[in-house]
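The values are calculated or read from the model by the stated rules, or taken from the named source; none is laboratory data. All of these numbers come straight from a predicted model, not from anything done at the bench. Note that each Cβ is placed from the backbone with ideal geometry, even for glycine, and that neighbours are counted across all protein chains shown. Just so you know, the surface numbers come from the protein's heavy atoms only, side chains and all, with ligands and any DNA or RNA stripped out. Shrake-Rupley method; radii C 1.70, N 1.55, O 1.52, S 1.80 Å.
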Amino acid sequence: MKTILQFHEEAEFLRESSGSNIEKALVKAVKVLALFHIPHYVCGGFAVQEHGYPRFTVDVGIIVPDVDFARERLALNGFKENPGSKMTVTDRDTQVEIDLLPGGNKVDPGPLTFPVPTHVSSEPQILTLQDLISLKLSTYIGRGVHRIQDYADVVKLIEANHLPRDYGVDVKVRDAHRKAWDEIHFVHCPTEGR
């Protein structure tokens, strides 16, 4: 099994080889958040990359306790507010969009709320693998086929990390995790003789 450092190196290689500026925008954003004592968690595709599934993504998801306060502070420090959205800003240099997500609340009908970050840091605080998988499953449960990438991320994270069937995801999404695990490990073979 690969180490966290190996996962990070693969994710960094993907970002560099694809010409992506998401890491640059993320680092800039978390430094601004730290300057104003705003704790955060990094989630979404960037966190998926860091946890072992190096897939392409074009934006960054950051969970914060107060979206409005974080958006205002980012808008005053190198980011621009996006018309029509109260939860996104765009880095003026890289044009990478940052999705600000409300800790303690939810943005879809899934069963879970986003965790509330408490640690302030000028370094990206990647959401734990358990929380990431739980949130991805919650979003998939709430939005179904419209969030199929979240389910695909869960499948790839289970495979990359060799997770057990009873991995410690939130109880509200445990059945969905077990279903994904079963689909991975018990692929039905076509009946012979047909």
**Message:** Give the residue list of chymotrypsin sites (Phe, Trp or Tyr not before Pro) in the range 42-97 that are DSSP loop and have at most 15 other beta-carbon atoms within 10 angstrom.
**Reply:** Phe56
**Item:** Binned Cα-Cα distances of the chain, short to long, each 5 Å bin given as a whole percent
**Value:** 1, 8, 15, 19, 19, 16, 11, 5, 3, 1, 1, 1, 0, 0
**chymotrypsin sites (Phe, Trp or Tyr not before Pro) restricted to DSSP loop in the range 1-44 with at most 14 other C-beta within 10 Å** = Phe36
**Prompt:** Is any residue of the range 46-76 close enough, with backbone N under 15 Å, to a label point placed 7 angstrom from the Cα of Leu35 along the Cα-Cβ axis, and if so, which?
**Reply:** 70-76
**Asked** Kirkwood Rh over Cα pairs of the range 149-188 into Stokes-Einstein at 37 °C, 0.692 mPa s: D in µm²/s?
**Response** 322 µm²/s
**Asked** Given +1 on the Cβ of Lys and Arg, -1 on the Cβ of Asp and Glu, and no further charges, what dipole in debye does the chain carry about its Cα centre, rounded to the nearest 20?
**Response** 300 debye
**Message:** Under the rule of at least 5 residues apart or a separate chain, name every residue whose amide H is placed under 5 Å from the amide H of Leu101.
**Reply:** Ile62, Ile63, Val64
**Message:** Please compute, for the alpha-carbon atoms of the range 97-194, the extent along each of the three principal axes and give them in descending order in Å.
**Reply:** 60, 28, 26
**Item:** Inter-label distance for Glu159 and Lys179, nm, one decimal - labels placed 7 Å from Cα along Cα-to-Cβ
**Value:** 2.0 nm
**Prompt:** By a straight-distance test (C-alpha under 28 Å), which lysines pair with Lys80 as possible cross-link partners, with residues fewer than eight away in the same chain excluded?
**Reply:** Lys24, Lys28, Lys31, Lys106, Lys136
**Message:** Given points 7 Å out from each Cα along the Cα-Cβ axis, report the Asn21 to Gln130 separation in nanometres with one decimal.
**Reply:** 3.8 nm
**Request:** Could you check how much of the accessible area of the range 1-61 is carbon and sulfur, as a whole percent, using a 1.4 Å probe?
**Result:** 61 percent
**Prompt:** Of the heavy-atom accessible surface of the range 66-194 (probe 1.4 angstrom), what whole percent is carbon and sulfur?
**Reply:** 51 percent
**Message:** Please compute the length gained on full extension between Thr94 and Asn77, using 0.36 nm multiplied by the number of residues separating them and subtracting their Cα-Cα distance.
**Reply:** 4.7 nm
**Asked** trypsin sites (Lys or Arg not before Pro) within the range 1-62: which are DSSP loop residues with at most 16 other Cβ atoms inside 10 Å?
**Response** Lys2, Arg55
**Message:** Explain nothing, just the number: relative contact order of the chain, from Cα pairs under 8 Å at least 6 residues apart, as a whole percent.
**Reply:** 21 percent
**Prompt:** Over the range 1-97, one equal point on each Cα, no solvent: what is log10 I(q)/I(0) by the Debye formula at q = 0.12, 0.15 Å⁻¹?
**Reply:** -0.39, -0.59
**Message:** Can you compute the helix-only [θ] at 222 nm over the chain? Use -39500 (n - 2.57) per DSSP H run of at least 4 residues, normalise by all residues, nearest 500 deg cm²/dmol.
**Reply:** -13500 deg cm²/dmol
**Asked** How big is D for the range 71-153, in µm² s⁻¹ as a whole number, if Stokes-Einstein is applied with the Kirkwood radius of its Cα pairs at 20 °C and 1.002 mPa s?
**Response** 149 µm²/s
**Message:** With every protein chain kept in place and ligands, DNA and RNA left out, what is the accessible area per residue of the range 8-157? Probe 1.4 Å, answer in Å².
**Reply:** 46 Å²
